Amino acid sequence: MEFTLTATENDTRARAGEIYTDHGKIETPIFMPVGTAGSVKGIHTRELKEDIKAQIILGNTYHLYLRPGTEIIEAAGGLHKFNGWDRPVLTDSGGYQVFSLGDIRKLSEEGARFQSHIDGSYHLFSPEKVIDIQRSIGADIIMAFDECTPGDADFEYAKKSLELTQRWLHRCFDQFEKTEPKYGFKQSLFPIVQGNTFPELRVKAAEYVKTFNADGYAIGGLSVGEPENIMYEMTEVVTAILPENRPRYLMGVGTPVNILESIDRGVDMFDCVMPTRNGRNGMLFTSEGIINIRNKKWENDHSPVDEKGYSFVDQYSKAYLRHLVISKEMLGAQIASQHNLAFYLWLVKTARQKILDGNFKNWKKEMVQKLKTRL
RNA sequence: GGGGAGAUACCGAAGCGGUCAAACGGGGCAGACUGUAAAUCUGUUGGCAAUGCCUUCGGAGGUUCGAAUCCUCCUCUCCCCA
């Protein structure tokens with residue numbers, strides 16, 4: 001994997017660049033739709049490519065390991081072959097599940113012992129095992145196994161957790177170097193900067209990951225309950241340290257506003273379940289603001305979902321989409337997800353163009369106001 | 001024509017003398033959702049000048065300190081037998 005930094009803006013840290021993988025180029029800043037179990041929920045790969053114009057999607061180590069399991073994915077020839085997505089893929093390591101499945105997992109030096117949310121069976125995720133699974137899944141970018149701490153963790157806990165994550169990182173890279181890709185294309189391992197909401201720890205963590213000379217670096221443990229301004233502050237602290245000539249990935253973020261603010265602070269890659277999950281739950285992101293399509297006020301509004309038309313689904317009327325969502329018709333969730341993803345991709349593409357044109361800052365300021373509006 | 005069951009809030013349905021403005025579902029309305037245990041979850045759902053007051057459990061009377069609950073008549077539904 002190679003990264004080229006194409007443009008930076010003087011009065012911000014915003015950057016535009018290109019990532020080259022064996023499955024094609026990614027233009028940054030980029031948003032990566034989340035496809036946890038090997039599918040972006042409700043969206044065909046054809047729509048992802050042709051309509052939404054996604055350049056890279058995510059998969060999840062924990063979910064794919066539990067179901068269908070690495071044997072099946074290997075037999076298929078890797079996740080790309082299995083799900084028919086021939087562009088870049090990134091897999092998360094299961095570190096987020098250490099956080100979200102907090103009640104049914106136990107941490108030790110060795111790793112995290114999970115109870116499957118599907119059948120209750122026990123599984124040990126160690127750094128080595130997580131690398132092995134990600135070799136089997138075959139994503140272009142794979143993530144180190146980390147502990148994602150909750151946003152309200154105290155300093156002592158955050159410090160101990162970070163140290164564990166750092167020891168795990170070392171083991172991840174050892175295993176990564178000991179093993180080979182299985183499907184004839186290169187894989188890159190990204191370390192993850194933790195440190196919770198403590199600048200001191202974040203600085204340490206960022207300095208530490210740099211020593212691995214990775215193809216890219218991630219910032220994790222944010223947007224997990226801490227105030228937004230803290231999230232921005234932590235992002236700033238970290239991007240100031242990470243190498244300029246490598247992509248930075250802010251994991252799990254976020255709202256359209258979060259994304260613009262983080263691009264401003266030097267982030268290149270994003271992923272978030274919001275466009276799909278919130279879409280399924282009736283929330284639409286548009287360039288004029290946020291719509292709760294279930295609200296009665298759209299009942300008889302026959303104007304298009306979005307005048308701008310980021311996706312072909314935007315031509316459906318608000319009244320029709322509201323009807324579908326209220327009636328729990330599958331198509332409603334699909335349309336809303338597709339619209340939101342297309343909007344997110346439009347947003348980062350436009351941000352990139354503004355950076356290239358040198359007027360990102362002003363555009364961002366205007367957009368943030370609109371994006372916060374509740375329609 | 002004979003026998004039986006029943007009418008409760010937007011709908012379905014509990015309640016069968018006070019703790020009932022009335023359980024629970026559904027529907028309606030609103031909110032939440034950030035590396036997906038989520039096509040999920042939460043709140044609310046008679047009216048109002050609202051730590052209280054007013055009107056409501058088919059209708060009209062009655063018993064009682066007190067009635068959605070007991071009694072009388074009426075109206076209407078459903079089931080069985082002719």
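The values are calculated or read from the model by the stated rules, or taken from the named source; none is laboratory data. Nothing here was measured: the structure is a model prediction, and the numbers come from that model. Neighbour counts run over all protein chains shown; Cβ positions are idealised from the backbone, glycine included. Accessible surface is based on the protein model in full, side chains and every heavy atom, while ligands, DNA and RNA are left aside. Shrake-Rupley method; radii C 1.70, N 1.55, O 1.52, S 1.80 Å.
Here are the numbers:
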quantity	calculated
Mean residue ellipticity (222 nm) of chain A, computed from DSSP H runs ≥ 4 via -39,500 (n - 2.57), nearest 500	-12000 deg cm²/dmol
Eligible lysines near A:LYS328 by straight Cα distance, threshold 25 Å, same-chain separation 8 or greater	A:LYS41, A:LYS296, A:LYS297, A:LYS318
Cut-off of 10 Å, at most 16 other beta carbons, DSSP loop: longest stretch of chain A lacking such GluC sites (Glu not before Pro)	A:111-243
Qualifying lysines (Cα of each under 27 Å from Cα of A:LYS365; at least 8 residues distant if same chain)	A:LYS53, A:LYS308, A:LYS349, A:LYS354
Residue with peak Gaussian network fluctuation, chain A [Cα springs, cutoff 10 Å], from A:ASP86, A:ASP154, A:ASP140	A:ASP154
Over chain A, relative contact order from alpha-carbon pairs under 8 Å, at least 6 apart, %	18
Ordering of A:271-279, A:312-320 by burial proxy (mean other Cβ atoms within 10 Å per residue, highest first)	A:271-279, A:312-320
Rg/Rh for segment A:268-375, where both radii come from Cα atoms and Rh is the Kirkwood radius	1.00
Gain upon complete extension [A:GLU180, A:GLU244; 0.36 nm per residue less C-alpha separation]	20.3 nm
Evaluated at q = 0.12, 0.14, 0.24 Å⁻¹: base-10 log I(q)/I(0), Debye formula over Cα of segment A:1-78	-0.48, -0.62, -1.14
Protein accessible area in segment A:50-192, 1.4 Å probe - carbon and sulfur %	50
A:ASP22 versus A:GLU200: modelled label distance in nm, points set 7 Å from Cα along the beta carbon direction	4.4
Probe 1.4 Å, protein heavy atoms only - accessible area per residue of segment A:217-348 in square angstrom	36
Kirkwood Rh in Å, taken over all unlike Cα pairs in segment A:216-271	11.0
Volume per residue of the C-alpha convex hull in chain A, rounded to whole Å³	130
Förster-model FRET efficiency, 41 Å R0, A:ILE230 and A:LEU101, C-beta, rounded to 0.05	0.95
Nearest-0.05 FRET efficiency for A:ASN300 and A:GLU163, computed from C-beta distance (R0 41 Å)	0.10
